[in-house]
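Right, one structure below, let's go through it.
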Amino acid sequence: MKRILVWDFPTRIFHWTLAASFALAWLTSESDVWLSHHVFFGYLMLGLLVFRMVWGFAGGTYARFKSFSFTPRAGLEYLREVFAARAARHIGHNPAGAQAIYLLLLLVLIVGVTGIFILGGEEQHGLAAGWIGISAGRFFKKIHEASATFMLLVVAAHVAGVLLESLLHKENLARSMLTGFKLATSQSVASKPYRVVAAGMLVAMLGFGVWWFSYDLHVPPIKGPAVPFIGPKLAQNAQWSEECGSCHLSFHPSLLPGRSWQRLLAQQGQHFGADLGLDGATTVALLAYANDNAAEKHATEAALKIDRSIPSNDVPTSITQTPYWVRKHHEVTAADWALPWIKSKANCEACHQDAQAGTFEDAAMQIPHSAPVAR
């Protein structure tokens, strides 16, 4: 027996970076504040997948697909041998491990591609921006979440298999993937280290990270890792901005259905204790703009969710009355509303960096528990 290099540098970098990326993507999946990080790790996983597909044909001896081209039947048979404590030792991937690798690569593809469609549909960002609508994005989200959960189970099974085989053959397989070395017979062929390829991988990943997070250099300073994702450019109207913005934030018409704007303009003499005093021509122009860009047009994710939350027979005249708004803000405490830099539920700009644009992107929102930094 001799100690030989089995897992080359690129294979090891791929393995551990993919594991870390999946773990971090999972941990950043629940909060919109971490959306940019979640997307970054998703793209990184897809990039690693592309590399692994190439390396499966051009890589080292034990990294090539032909070195572990076992059938699913062989994988099942190997598992039976493992549980019977008589499974043969493999220098490279064993038949069961090979099936786990193929399945994980497939799941990375499914999770990554569906993630791109979610980002393009729900957030109107990324490679698929403009290809599909918000509803389609929500459909892909179900596949994305189910695939990610299944992938977590496969990873858990893979780790259990590594531990079981390590005990069976009395060798530390996890350490072998760290160092690259294993004991083998004198006839076994050693892998090349491929240091130049590994260096290229590290430089590429570092460069991608620097480019991706360069937003820190040009966005307003905010507390936390949130990124003000720029939503779809909504139609603006100078007259609407002038009339509405003279008293408060010029709320974009996509935040209420058309019937609400019709009632508000029909009752403009009693507009929350004030008389708007709009002439007939101005009223007609504003109503036309509101109807063309109302919530039912589903121009943004916020518009779609607001519209779907309102019963068809209800005509809310305040954004804060809509069921979606109420549900979305239920965790905001009275103390938060009373903060001197917020003061009112109508002060959307205090928490939403894109309130003026009307897009209300998830990742551009954060409750400021301290006074905002001067911009």
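Below are the figures for this structure:
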item	result
Selection within the range 160-217 - among the polar types (S, T, N, Q) and either under 16 Å from Arg89 (Cα atoms) or in contact with an Asp or Glu (Cβ under 9 Å, 6 or more places away or on another chain) (or both)	Ser166, Asn172, Ser176, Thr185, Ser186, Gln187, Ser188, Ser191
Qualifying residue in the range 293-301 (condition: of a type outside the set (Phe, Trp, Tyr), in contact (Cβ under 8 Å) with a residue 12 or more places away in the chain, at positive phi and not assigned by TED's automatic domain parsing to the domain that holds Ile132)	yes
Selection from the range 333-348 of residues that are farther than 16 Å from Ser318 by Cβ and loosely packed, with under 14 Cβ neighbours inside 10 Å	Thr333, Ala334, Ala335, Ala338, Pro340, Trp341, Lys343
The range 90-123 - residue that is polar (S, T, N, Q) and either within 15 Å of Leu49 (Cα to Cα) or not in a helix (DSSP H, G or I) (or both) and, of those, farthest from the chain's Cα centre (by Cα)	Asn94
Breaking point among (1) in a loop (DSSP other than H, G, I, E, B); (2) in contact with a Phe, Trp or Tyr (Cβ under 8 Å, 6 or more places away or on another chain); (3) modelled with pLDDT under 85, for Ala363	(1)
Candidate set: the range 51-73, residues that are among the small types (Gly, Ala, Ser) and loosely packed, with under 15 Cβ neighbours inside 10 Å; chosen: the one nearest to His169 (Cα to Cα)	Ser69
Positions within the range 263-275 being assigned to a loop (DSSP other than H, G, I, E, B) and crowded, with 18+ Cβ neighbours inside 10 Å, in sequence order	none
Test: residue in the range 309-327 that is part of a helix (DSSP H, G or I), in contact (Cβ under 8 Å) with a residue 24 or more places away in the chain, among the polar types (S, T, N, Q) and farther than 18 Å from Asn237 by Cα	yes
Answer residue from the range 289-304, given it is of a type in the set (Gly, Ala, Ser) and part of a helix (DSSP H, G or I) and is surrounded by the most Cβ atoms within 10 Å (Cβ to Cβ) among those	Ala295
Residue satisfying all of: in the range 241-262; outside any loop (DSSP other than H, G, I, E, B) and either exposed (fewer than 15 other Cβ atoms within 10 Å of the Cβ) or outside the structural domain of Ala290 (by TED's automatic domain parsing) (or both); farthest from the chain's Cα centre (by Cα) among these	Glu242
Positions within the range 162-194 being surrounded by 14 or more Cβ atoms within 10 Å (Cβ to Cβ), touching a helix residue (DSSP H, G or I) at 6+ places or on another chain (Cβ under 8 Å) and in a helix (DSSP H, G or I), in sequence order	Val162, Leu164, Glu165, Ser166, Leu168, Leu173, Met177
Unique residue being β-branched (Val, Ile, Thr) and modelled with pLDDT of 95 or more when the list is Thr322, Thr317	Thr322
Any pair with Cβ under 7 angstrom, 6 or more apart, that starts in the range 72-94 at a residue that is assigned by TED's automatic domain parsing to the domain that holds Leu173 and ends at one that is surrounded by 11 or more Cβ atoms within 10 Å (Cβ to Cβ) and aromatic (Phe, Trp, Tyr)	Ala87/Tyr78; Ile91/Tyr62; Gly92/Tyr62; Gly92/Phe68; His93/Phe68; Asn94/Tyr78
Which listed residue, of Gly121, Gly112, is closer than 19 Å to Glu30 by Cα and either surrounded by fewer than 17 Cβ atoms within 10 Å (Cβ to Cβ) or modelled with pLDDT under 95 (or both)	Gly121
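Matching residues to (1) in contact with a Ser or Thr (Cβ under 7 Å, 6 or more places away or on another chain); (2) of a type in the set (Phe, Trp, Tyr):
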residue	(1), (2)
Met1	yes, no
Leu5	yes, no
Phe22	no, yes
Trp26	no, yes
Val33	no, no
Phe51	no, yes
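The values are calculated or read from the model by the stated rules, or taken from the named source; none is laboratory data. Small disclaimer: the values here were computed from a predicted structure and weren't measured. When we count neighbours, we look across all protein chains shown, and the Cβ atoms used for this are built from the backbone with ideal geometry, even at glycine.
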